[in-house]
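Comments concern the structure below.
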Amino acid sequence: MHTPLCRHASGEPVDYARRALEVGLTEIGFTDHSPMARDDFDDWRMRGDQLDEYVEKVRQAQRKFPQLRIRLGLEVDYLPGHEDWIRDLASRHPWDYFIGSVHYVSDDWAVDSPFQLSKWKDRDAFEVWSVYFDRLTMAAGTGLFEIIGHADLPKKFGHRPTRDCTPLYEKFLNAAKQHNCAIELNSAGLRKDCEEIYPSQEILKLAFAKGVPITFGSDAHAPEEVGLNFVEAVNLALSVGYTNGSRLAARVKRSERI
Ligand SMILES: [Zn+2]
Ligand SMILES: [Zn+2]
(Lines give C-alpha, C1' and ligand atoms only; values in the text may rest on other atoms or scores of the structure.)
(Ligands and ions follow the chains in the order given, each with its own letter.)
Protein backbone atom coordinates (compact mmCIF):
# COMPACT_ATOMS: atom_id res chain seq x y z
CA MET A 1 0.00 0.00 0.00
CA HIS A 2 1.12 3.50 -0.78
CA THR A 3 1.11 7.00 0.71
CA PRO A 4 0.81 10.49 -0.79
CA LEU A 5 4.60 10.84 -0.59
CA CYS A 6 4.88 8.98 -3.91
CA ARG A 7 2.87 11.79 -5.55
CA HIS A 8 0.29 9.50 -7.19
CA ALA A 9 -1.59 8.06 -4.21
CA SER A 10 -4.13 9.61 -1.86
CA GLY A 11 -4.94 9.11 1.82
CA GLU A 12 -2.68 8.82 4.84
CA PRO A 13 -1.58 5.50 6.36
CA VAL A 14 -4.09 6.03 9.21
CA ASP A 15 -6.87 6.18 6.58
CA TYR A 16 -5.68 2.92 4.97
CA ALA A 17 -5.50 1.28 8.38
CA ARG A 18 -9.03 2.40 9.26
CA ARG A 19 -10.28 0.99 5.97
CA ALA A 20 -8.40 -2.29 6.56
CA LEU A 21 -10.27 -2.77 9.83
CA GLU A 22 -13.57 -1.94 8.11
CA VAL A 23 -13.04 -4.68 5.53
CA GLY A 24 -11.92 -7.19 8.17
CA LEU A 25 -8.18 -7.45 7.54
CA THR A 26 -5.94 -8.31 10.49
CA GLU A 27 -2.62 -7.38 8.92
CA ILE A 28 -1.50 -4.85 6.32
CA GLY A 29 1.79 -3.58 4.99
CA PHE A 30 2.97 -0.27 3.59
CA THR A 31 5.33 -0.47 0.65
CA ASP A 32 5.47 2.95 -0.89
CA HIS A 33 7.69 3.58 -3.90
CA SER A 34 11.23 3.89 -2.57
CA PRO A 35 13.42 6.88 -3.34
CA MET A 36 16.04 6.54 -6.07
CA ALA A 37 19.64 7.54 -5.46
CA ARG A 38 18.90 10.59 -7.63
CA ASP A 39 15.72 12.45 -6.74
CA ASP A 40 15.35 13.70 -10.32
CA PHE A 41 15.22 10.14 -11.73
CA ASP A 42 11.43 10.45 -12.12
CA ASP A 43 8.49 12.12 -10.42
CA TRP A 44 6.39 9.31 -8.98
CA ARG A 45 8.13 8.41 -5.74
CA MET A 46 9.19 9.95 -2.44
CA ARG A 47 12.43 11.91 -2.30
CA GLY A 48 15.37 10.57 -0.34
CA ASP A 49 14.89 13.15 2.40
CA GLN A 50 11.28 12.00 2.90
CA LEU A 51 12.13 8.46 3.98
CA ASP A 52 12.01 9.29 7.70
CA GLU A 53 8.68 11.07 7.24
CA TYR A 54 7.32 7.97 5.50
CA VAL A 55 8.39 5.73 8.35
CA GLU A 56 6.86 8.12 10.87
CA LYS A 57 3.52 8.10 9.01
CA VAL A 58 3.45 4.30 9.22
CA ARG A 59 4.44 4.40 12.91
CA GLN A 60 1.59 6.83 13.51
CA ALA A 61 -0.88 4.34 12.03
CA GLN A 62 0.64 1.57 14.17
CA ARG A 63 0.14 3.67 17.31
CA LYS A 64 -3.40 4.64 16.38
CA PHE A 65 -4.56 1.10 15.49
CA PRO A 66 -2.74 -1.32 17.82
CA GLN A 67 -5.38 -3.96 17.07
CA LEU A 68 -4.11 -4.16 13.47
CA ARG A 69 -0.67 -5.55 12.55
CA ILE A 70 0.93 -2.95 10.32
CA ARG A 71 4.16 -3.86 8.57
CA LEU A 72 6.76 -1.41 7.35
CA GLY A 73 8.13 -2.06 3.90
CA LEU A 74 9.13 -0.45 0.64
CA GLU A 75 8.40 -1.18 -3.00
CA VAL A 76 11.89 -0.85 -4.36
CA ASP A 77 12.57 -0.37 -8.06
CA TYR A 78 15.10 -2.82 -9.35
CA LEU A 79 17.38 -1.55 -12.09
CA PRO A 80 20.68 -3.29 -12.83
CA GLY A 81 23.47 -1.44 -11.02
CA HIS A 82 21.25 -0.07 -8.25
CA GLU A 83 22.13 -2.85 -5.79
CA ASP A 84 24.36 -0.71 -3.53
CA TRP A 85 21.67 1.92 -3.26
CA ILE A 86 19.13 -0.73 -2.29
CA ARG A 87 21.50 -2.06 0.40
CA ASP A 88 21.89 1.48 1.67
CA LEU A 89 18.08 1.85 1.91
CA ALA A 90 17.86 -1.49 3.70
CA SER A 91 20.25 -0.27 6.40
CA ARG A 92 18.29 2.86 7.22
CA HIS A 93 15.26 1.48 9.05
CA PRO A 94 14.12 -1.81 10.58
CA TRP A 95 12.02 -2.84 7.58
CA ASP A 96 9.68 -5.81 7.63
CA TYR A 97 10.13 -6.49 3.94
CA PHE A 98 11.15 -5.15 0.54
CA ILE A 99 9.09 -5.78 -2.55
CA GLY A 100 11.42 -5.75 -5.54
CA SER A 101 9.60 -4.38 -8.56
CA VAL A 102 10.61 -3.84 -12.11
CA HIS A 103 8.86 -0.94 -13.79
CA TYR A 104 11.77 0.21 -15.96
CA VAL A 105 12.90 -1.81 -18.96
CA SER A 106 15.42 0.93 -19.71
CA ASP A 107 16.53 3.97 -17.71
CA ASP A 108 13.84 6.08 -19.32
CA TRP A 109 10.87 3.78 -19.89
CA ALA A 110 8.57 2.54 -17.15
CA VAL A 111 6.32 0.00 -18.92
CA ASP A 112 3.35 0.81 -16.70
CA SER A 113 3.45 4.54 -17.35
CA PRO A 114 0.31 5.86 -19.04
CA PHE A 115 2.40 8.82 -20.22
CA GLN A 116 4.79 6.61 -22.18
CA LEU A 117 2.30 4.46 -24.06
CA SER A 118 3.70 5.58 -27.42
CA LYS A 119 6.92 3.68 -26.64
CA TRP A 120 5.04 0.44 -27.26
CA LYS A 121 4.62 1.41 -30.92
CA ASP A 122 8.35 0.99 -31.64
CA ARG A 123 8.86 -2.17 -29.64
CA ASP A 124 7.98 -5.79 -30.10
CA ALA A 125 5.99 -7.11 -27.13
CA PHE A 126 8.11 -10.25 -26.83
CA GLU A 127 11.29 -8.20 -26.74
CA VAL A 128 9.86 -6.04 -23.94
CA TRP A 129 8.77 -9.16 -22.06
CA SER A 130 12.27 -10.61 -22.45
CA VAL A 131 13.95 -7.54 -21.00
CA TYR A 132 11.36 -7.35 -18.27
CA PHE A 133 11.75 -10.96 -17.17
CA ASP A 134 15.55 -10.78 -17.42
CA ARG A 135 15.41 -7.91 -14.96
CA LEU A 136 12.98 -9.77 -12.71
CA THR A 137 15.32 -12.76 -12.74
CA MET A 138 18.23 -10.51 -11.78
CA ALA A 139 16.13 -8.88 -9.04
CA ALA A 140 15.21 -12.25 -7.53
CA GLY A 141 18.86 -13.29 -7.78
CA THR A 142 20.16 -10.34 -5.76
CA GLY A 143 18.64 -11.69 -2.56
CA LEU A 144 17.71 -8.09 -1.70
CA PHE A 145 13.95 -8.68 -1.80
CA GLU A 146 11.55 -10.91 0.10
CA ILE A 147 8.89 -10.47 -2.57
CA ILE A 148 8.82 -9.73 -6.28
CA GLY A 149 5.97 -7.38 -7.17
CA HIS A 150 3.47 -7.65 -10.05
CA ALA A 151 5.50 -10.17 -12.04
CA ASP A 152 3.85 -9.61 -15.42
CA LEU A 153 3.33 -5.86 -15.29
CA PRO A 154 3.95 -5.33 -19.05
CA LYS A 155 0.46 -6.74 -19.68
CA LYS A 156 -1.07 -3.73 -17.90
CA PHE A 157 -2.34 -1.98 -21.04
CA GLY A 158 -3.09 -5.21 -22.88
CA HIS A 159 0.18 -5.58 -24.83
CA ARG A 160 0.95 -9.29 -24.99
CA PRO A 161 3.50 -11.26 -26.97
CA THR A 162 2.27 -13.91 -29.38
CA ARG A 163 5.38 -16.04 -28.81
CA ASP A 164 5.55 -18.55 -25.97
CA CYS A 165 7.06 -16.90 -22.89
CA THR A 166 7.38 -20.06 -20.79
CA PRO A 167 11.22 -20.08 -20.90
CA LEU A 168 11.27 -16.48 -19.58
CA TYR A 169 8.91 -17.40 -16.75
CA GLU A 170 10.87 -20.55 -15.90
CA LYS A 171 14.16 -18.70 -15.60
CA PHE A 172 12.65 -16.08 -13.32
CA LEU A 173 10.80 -18.58 -11.13
CA ASN A 174 13.89 -20.76 -10.75
CA ALA A 175 15.78 -17.73 -9.43
CA ALA A 176 12.88 -16.85 -7.10
CA LYS A 177 12.80 -20.39 -5.73
CA GLN A 178 16.56 -20.49 -5.29
CA HIS A 179 16.56 -17.29 -3.25
CA ASN A 180 13.34 -18.02 -1.33
CA CYS A 181 11.76 -14.99 -2.91
CA ALA A 182 7.96 -14.87 -2.91
CA ILE A 183 5.86 -13.58 -5.76
CA GLU A 184 3.01 -11.23 -5.07
CA LEU A 185 -0.56 -11.84 -6.18
CA ASN A 186 -1.41 -8.25 -6.91
CA SER A 187 -5.11 -7.59 -7.37
CA ALA A 188 -4.56 -4.11 -8.87
CA GLY A 189 -4.28 -5.72 -12.31
CA LEU A 190 -8.04 -6.27 -12.19
CA ARG A 191 -8.47 -2.50 -12.11
CA LYS A 192 -6.31 -1.97 -15.23
CA ASP A 193 -6.90 -2.54 -18.96
CA CYS A 194 -5.59 -6.12 -18.71
CA GLU A 195 -8.37 -6.89 -16.18
CA GLU A 196 -6.28 -9.67 -14.71
CA ILE A 197 -4.43 -10.23 -11.46
CA TYR A 198 -0.61 -10.01 -11.65
CA PRO A 199 0.69 -12.60 -12.36
CA SER A 200 -1.40 -14.66 -14.75
CA GLN A 201 -2.70 -18.10 -13.86
CA GLU A 202 -0.19 -19.51 -16.36
CA ILE A 203 2.76 -18.07 -14.42
CA LEU A 204 1.24 -18.97 -11.08
CA LYS A 205 0.84 -22.60 -12.15
CA LEU A 206 4.56 -22.78 -12.90
CA ALA A 207 5.35 -21.02 -9.62
CA PHE A 208 3.33 -23.56 -7.66
CA ALA A 209 5.01 -26.46 -9.45
CA LYS A 210 8.41 -25.05 -8.42
CA GLY A 211 7.37 -24.30 -4.83
CA VAL A 212 7.73 -20.52 -5.07
CA PRO A 213 6.02 -18.83 -2.08
CA ILE A 214 3.26 -16.26 -2.57
CA THR A 215 1.91 -13.16 -0.85
CA PHE A 216 -1.25 -11.12 -1.39
CA GLY A 217 -1.41 -7.42 -2.12
CA SER A 218 -4.01 -4.94 -3.29
CA ASP A 219 -1.36 -2.34 -4.24
CA ALA A 220 -3.77 0.25 -2.83
CA HIS A 221 -3.09 3.81 -3.93
CA ALA A 222 -6.22 5.05 -2.09
CA PRO A 223 -7.92 3.89 1.13
CA GLU A 224 -10.95 2.49 -0.74
CA GLU A 225 -8.63 0.09 -2.61
CA VAL A 226 -7.41 -1.65 0.55
CA GLY A 227 -7.99 -5.38 0.23
CA LEU A 228 -9.93 -4.90 -3.00
CA ASN A 229 -10.52 -8.14 -4.97
CA PHE A 230 -8.73 -10.31 -2.40
CA VAL A 231 -11.37 -13.00 -2.88
CA GLU A 232 -10.36 -13.27 -6.55
CA ALA A 233 -6.67 -13.38 -5.61
CA VAL A 234 -7.22 -16.13 -3.05
CA ASN A 235 -9.33 -18.09 -5.53
CA LEU A 236 -6.59 -17.76 -8.14
CA ALA A 237 -4.02 -19.12 -5.68
CA LEU A 238 -6.27 -22.02 -4.71
CA SER A 239 -7.05 -22.77 -8.37
CA VAL A 240 -3.44 -23.71 -9.10
CA GLY A 241 -2.95 -25.67 -5.87
CA TYR A 242 -1.59 -23.24 -3.29
CA THR A 243 -2.80 -23.86 0.26
CA ASN A 244 -0.36 -21.49 1.97
CA GLY A 245 0.70 -17.88 1.70
CA SER A 246 3.51 -15.95 3.38
CA ARG A 247 3.52 -13.31 6.06
CA LEU A 248 6.53 -11.06 6.56
CA ALA A 249 8.05 -9.54 9.68
CA ALA A 250 11.58 -8.27 10.28
CA ARG A 251 12.53 -9.56 6.83
CA VAL A 252 11.59 -13.13 7.72
CA LYS A 253 8.96 -15.09 5.84
CA ARG A 254 6.47 -17.36 7.60
CA SER A 255 4.17 -19.70 5.73
CA GLU A 256 0.55 -19.84 6.79
CA ARG A 257 -2.64 -21.48 5.59
CA ILE A 258 -4.57 -19.20 3.25
ZN1 LIG B 1 2.31 3.47 -7.59
ZN1 LIG C 1 4.76 -1.28 -8.79
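The values are calculated or read from the model by the stated rules, or taken from the named source; none is laboratory data. The shown structure was predicted, so the numbers you read here are calculated from the model rather than taken from an experiment. Because the Cβ atoms are built from the backbone with ideal geometry, glycine has one as well, and the counts that use them run over all protein chains shown. Protein only, heavy atoms only, side chains kept; ligands, DNA and RNA dropped before computing areas. Shrake-Rupley method; radii C 1.70, N 1.55, O 1.52, S 1.80 Å.
Quick look at the values:
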quantity	calculated
Every pair of residues 6+ apart whose Cβ atoms lie under 6 Å, when the first sits in the stretch 224-251 and is closer than 20 Å to ALA209 by Cα while the second is in a helix (DSSP H, G or I)	ALA233/SER187; VAL240/LEU204; VAL240/LYS205; VAL240/PHE208; GLY241/PHE208; TYR242/PHE208
Residue, nearest to ligand 1 (Cβ to nearest atom), within the stretch 203-235, restricted to residues that are aliphatic (A, V, I, L, M) and surrounded by fewer than 21 Cβ atoms within 10 Å (Cβ to Cβ)	ALA222
MET46 under 22 Å from ALA151 (Cα atoms), not in a helix (DSSP H, G or I) and not acidic (Asp, Glu)	no
All positions within the stretch 77-98 that are of a type in the set (A, V, I, L, M) and under 17 Å from ASP134 (Cα atoms)	LEU79
Scan of the stretch 53-67 for residues that are outside any helix (DSSP H, G or I) and touching a helix residue (DSSP H, G or I) at 6+ places or on another chain (Cβ under 8 Å), ordered by number	PHE65, GLN67
Members of the stretch 68-113 that are open to solvent by 30 Å² or more (accessible area, probe 1.4 Å), in contact (Cβ under 8 Å) with a residue 60 or more places away in the chain and in a loop (DSSP other than H, G, I, E, B)	PRO94
Cβ pairs under 8 Å, 6+ apart, first in the stretch 1-22 and part of a helix (DSSP H, G or I), second of a type in the set (Phe, Trp, Tyr) and within 16 Å of ligand 1 (Cβ to nearest atom)	LEU5/TYR54; CYS6/TRP44; PRO13/PHE30; TYR16/PHE30
Failed item in (1) without any contact (Cβ under 8 Å) to a residue 12 or more places away in the chain; (2) touching a Cys at 6+ places or on another chain (Cβ under 9 Å), with TRP44 passing the rest	(1)
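Condition check ((1) of a type outside the set (Phe, Trp, Tyr); (2) modelled with pLDDT of 95 or more; (3) away from ligand 1 (no atom under 16 Å from the Cβ)) across all residues:
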| site | (1), (2), (3) |
| --- | --- |
| ASP32 | yes, yes, no |
| ARG63 | yes, yes, yes |
| GLY73 | yes, yes, no |
| TYR78 | no, yes, no |
| HIS82 | yes, yes, yes |
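To keep it simple, each residue is scored yes or no on (1) more than 18 Å from ASP193 (Cβ to Cβ); (2) within 12 Å of ligand 2 (Cβ to nearest atom); (3) more than 15 Å from the chain's Cα centre (by Cα).
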{"residue": "TYR54", "(1), (2), (3)": "yes, no, yes"}
{"residue": "GLY81", "(1), (2), (3)": "yes, no, yes"}
{"residue": "ALA90", "(1), (2), (3)": "yes, no, yes"}
{"residue": "VAL102", "(1), (2), (3)": "yes, yes, no"}
{"residue": "SER106", "(1), (2), (3)": "yes, no, yes"}
{"residue": "PHE115", "(1), (2), (3)": "no, no, yes"}
